[in-house]
1. Can you confirm whether region 188-207 contains a residue that is on the phi > 0 side of the Ramachandran plot, touching a helix residue (DSSP H, G or I) at 6+ places or on another chain (Cβ under 6 Å) and not polar (S, T, N, Q)?
2. If a residue has to be closer than 12 Å to L9 by Cα and assigned to a helix (DSSP H, G or I) to count, how many in region 32-66 make the cut?
3. I need the full set of residues from region 133-165 which are touching a residue at least 12 places away in the same chain (Cβ under 8 Å) and among the polar types (S, T, N, Q), in order please.
4. Which of the following residues is of a type outside the set (D, E, K, R), modelled with pLDDT under 90 and either assigned by TED's automatic domain parsing to the domain that holds F249 or farther than 23 Å from V221 by Cβ (or both): Q53, Q77, Q32?
5. Listed residues R139, R130; which is in contact with a His (Cβ under 6 Å, 6 or more places away or on another chain) and either among the aromatic types (F, W, Y) or at pLDDT 85 or above (or both)?
6. With the requirement that a residue be crowded, with 20+ Cβ neighbours inside 10 Å and in contact with a helix residue (DSSP H, G or I) (Cβ under 8 Å, 6 or more places away or on another chain), what does region 133-145 give you?
7. Filter region 189-214 for residues that are within 25 Å of I12 (Cα to Cα), β-branched (V, I, T) and modelled with pLDDT of 95 or more and give the result.
Amino acid sequence: MKDDEINILLRIKKAYSGLTGVKKKLADYILQNPQRVIHMPMDELASNAGVSQGSIVNFAKQMGVSGFTKLKIGIAQYPPPIRHWISDDLIPDNLAECDSPKGIMQQMIRSAKASFDATSELLTDQELERAASILSAARRIDIYGAGASAMVAADAYYRLMRIGLPAFHVTDNMLGALSASLLDEHCAAFGISHRGKTPETLRAMKIAKGRGAKTLYLGSVSHSPLADLCDVSLIVPSQEAEANREAVFARLTQQLVIDSLCAYINSKRPKRDAAALQQSIELYEQDTK
């Protein structure tokens with residue numbers, strides 16, 4: 001992709017959870033003042049953001065452009081339709097101040113909608129298409145997730161299995177490495193981790209990668225160990241990753257991504273596969289009555 005075709009604000013938002021120090025400081029200033037930045041010389045941006053000019057150049061290269069001028073072009077070409085996702089509105093700290101359960105519910109709905117909107121903006125068709133292709137073609141799909149991510153992993157297993165894909169949820173973290181060692185180049189490993197560094201999940205995914213399996217990561221932190229390892233990384237926006245809060249909205253957006261992938265995969269199935277799948281669902285429902 002050419003420098004002048006890159007959506008810089010989108011790149012910054014996707015990388016935000018993995019930024020630290022000076023880079024995060026610069027990212028905050030750019031996201032809060034995109035229209036001002038495009039008219040600034042580099043020394044003015046450095047002064048306003050409290051960083052060095054060298055840091056700006058390095059930041060531009062990390063975002064995939066050759067320098068400051070290309071960084072400004074990338075900002076100017078793609079106006080920011082959604083900037084509020086990065087604010088504290090996504091995780092309301094004042095829930096306890098609400099007067100009623102319904103008041104809390106309304107705040108949660110607003111925050112969840114903001115998370116969904118940001119996820120729709122940040123994930124590209126290419127990323128989702130590639131993830132769907134890997135899952136559809138896999139002879140076996142191992143799904144790994146620990147702690148709170150285990151709930152999302154269990155949901156992914158159920159959703160994928162319901163559309164006829166050979167998914168397996170490795171519920172025992174001690175057996176994750178063993179299961180991963182049985183994979184090969186015809187298989188896929190799907191790691192789910194909010195911050196992308198859960199030791200048990202990371203270990204299993206490294207083994208799966210070493211065995212030649214295609215690897216997917218779903219979480220909230222780009223440039224995390226899992227994001228750097230995997231063939232496809234689906235990063236959902238989350239302030240919770242920054243604040244060590246329970247990942248309520250990250251969990252909801254991860255489930256949205258999984259449901260979207262499953263719906264897309266199922267819509268592309270040949271009619272004969274759909275008929276066989278419906279028969280399997282009917283048998284399952286009879287057994288669970």
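The values are calculated or read from the model by the stated rules, or taken from the named source; none is laboratory data. Computed from a predicted structure; not experimentally measured. Every residue, glycine as well, gets a Cβ built from its backbone with ideal geometry; the counts of neighbours run over all protein chains shown.
1. So far as region 188-207 goes, yes, one or more of its residues are on the phi > 0 side of the Ramachandran plot, touching a helix residue (DSSP H, G or I) at 6+ places or on another chain (Cβ under 6 Å) and not polar (S, T, N, Q).
2. 5
3. Passing the criteria: S136, S149.
4. After ruling out the rest, the residue left standing is Q77.
5. R139
6. If the condition is that a residue be crowded, with 20+ Cβ neighbours inside 10 Å and in contact with a helix residue (DSSP H, G or I) (Cβ under 8 Å, 6 or more places away or on another chain), then L135, I141, D142, I143, Y144, G145 are the ones that fit.
7. Within region 189-214, I192 is the sole residue that qualifies.
For (1) in contact with a Leu (Cβ under 9 Å, 6 or more places away or on another chain); (2) in a helix (DSSP H, G or I); (3) not aliphatic (A, V, I, L, M); (4) not assigned by TED's automatic domain parsing to the domain that holds K14, each residue gets a yes or a no:
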residue	(1), (2), (3), (4)
K102	no, yes, yes, yes
I109	no, yes, no, yes
I134	yes, yes, no, yes
I143	yes, no, no, yes
M151	no, yes, no, yes
T171	no, no, yes, yes
A177	no, yes, no, yes
L182	no, no, no, yes
